[in-house]
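Colleague: Here you go, one structure.
The values are calculated or read from the model by the stated rules, or taken from the named source; none is laboratory data. Everything quoted here is computed from the prediction, not taken from an experiment. So basically every Cβ, Gly included, is an ideal-geometry build from the backbone, and we count neighbours across all protein chains shown. Remember, those area values only see protein heavy atoms, side chains included, never the ligands or the DNA or RNA. Shrake-Rupley method; radii C 1.70, N 1.55, O 1.52, S 1.80 Å.
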Amino acid sequence: MTTFLSLQGSMAVGKTTALKYLQEHSSKATVSYEENRHVIAEIHDRQLDKNNFGDYVEIQRLFIQNELDRYKKYRNEKCVVMDFGSEEIYFHTLNFPLSKGLNWPVADTLADELNELKEILPKRILYLRASLKTLRRNKENDLTRDRGFFDTYVTTLLPLKEKWFANDHTVDFIGVDNLSSEQLGFAVQEWVEQ
């Protein structure tokens, strides 16, 4: 049986850096990076609007199916560390509308899909925490990524996310503000190999 673990936290917190370190230094875990470009392309092609309830439901169905497919791909591995696992899609599905002040019946409309996601939630989650100053610095130093909605994300969705995961008993936390890339990678590796 596969043990699924997940790295969580804000964009620009260091998840990719930690996972690259893990790939290079750990023989005990397989790394799975978040891959949703084809989902985003389909959303764009179908001209779905996340600010429209019907479209939002379709968008989340695409993301949920993508995550279910991702887990199936790794079900024969011993230990897999996910870059955002099913918990991210679960959280986002329920909380994105709230972050926009929308009281949509998402939980009822997507009840079956959300139950499928619950079946593949990771065994443990490591939430990387950083100050806004660190997140901004990391964002500005990483020109390989488009983080165009960073400011909106850190002011509206990130506070909901931190509160959500603080109430989850499967989540461990690590502060990354004073860690070098190497120290962060080593800390994640230690957590994974426990």
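Colleague: So how many Å³ per residue does the convex hull of the Cα atoms of region 92-139 work out to?
Modeller: Per residue, the Cα convex hull of region 92-139 comes to 109 Å³.
Colleague: Leaving out ligands, DNA and RNA, and with a 1.4 Å probe, what % of the accessible surface on the chain is carbon or sulfur?
Modeller: 48 percent
Colleague: Considering only Cα-Cα distances, which of the following residue pairs are longer than 25 Å: Lys78/Lys133; Lys72/Lys163; Lys100/Lys123; Lys118/Lys161; Lys72/Lys118?
Modeller: Lys78/Lys133; Lys72/Lys163; Lys100/Lys123
Colleague: What does the charge dipole of region 56-194 about its Cα centre add up to, to the nearest 20 debye, if the Cβ of each Lys and Arg holds +1 and the Cβ of each Asp and Glu holds -1?
Modeller: For region 56-194, the charge dipole is close to 220 debye.
Colleague: With a 1.4 Å probe and all protein chains left in place, how much accessible area per residue does region 23-68 have, in Å²? The partial results should precede the final answer.
Modeller: Details: 2850 Å² over 46 residues.
It amounts to 62 Å² per residue over region 23-68.
Colleague: What is the list of residues in region 91-108 whose amide nitrogen lies under 16 Å from a point 7 angstrom out from the Cα of Phe53, following Cα to Cβ?
Modeller: The answer is 94-108.
Colleague: From Cα pairs below 8 angstrom and at least 6 apart in sequence, can you work out the relative contact order of region 39-166, rounded to a whole percent?
Modeller: RCO, region 39-166: 25 percent.
Colleague: Put +1 on the Cβ of every Lys and Arg and -1 on every Asp and Glu Cβ in the chain; which of Asn141, Ile125, Asn66 then has its Cα farthest towards the positive end of the dipole?
Modeller: Final value for the positive-end residue is Asn141.
Colleague: Continuing with the same structure: What share of the DSSP beta bridges in region 1-129 is antiparallel, in percent to the nearest 5?
Modeller: Expressed as a percentage, antiparallel bridges in region 1-129 total about 0.
Colleague: Right, something else. Springs between alpha-carbon atoms under 10 Å, Gaussian network over the chain: tell me which of Lys118, Lys15, Lys133 tops the mean-square fluctuations.
Modeller: So, out of Lys118, Lys15, Lys133, the one fluctuating most is Lys133.
Colleague: Give the angle, between 0 and 90 degrees and rounded to the nearest 10, that separates the Cα long axis of helix 53-73 from the longest principal axis of the Cα atoms of the chain.
Modeller: 40 degrees
Colleague: Using 0.36 nm times the number of residues separating Gln194 and Lys73, minus their current alpha carbon distance, what extension gain do you get?
Modeller: Stretched out fully, the Gln194 to Lys73 stretch lengthens by 41.2 nm.
Colleague: Quickly rank 46-52, 121-127 as a protection proxy: mean count of other C-beta atoms within 10 Å, highest first.
Modeller: Details: 46-52: 11.9, 121-127: 18.4.
Answer by packing, highest mean first, reads 121-127, 46-52.
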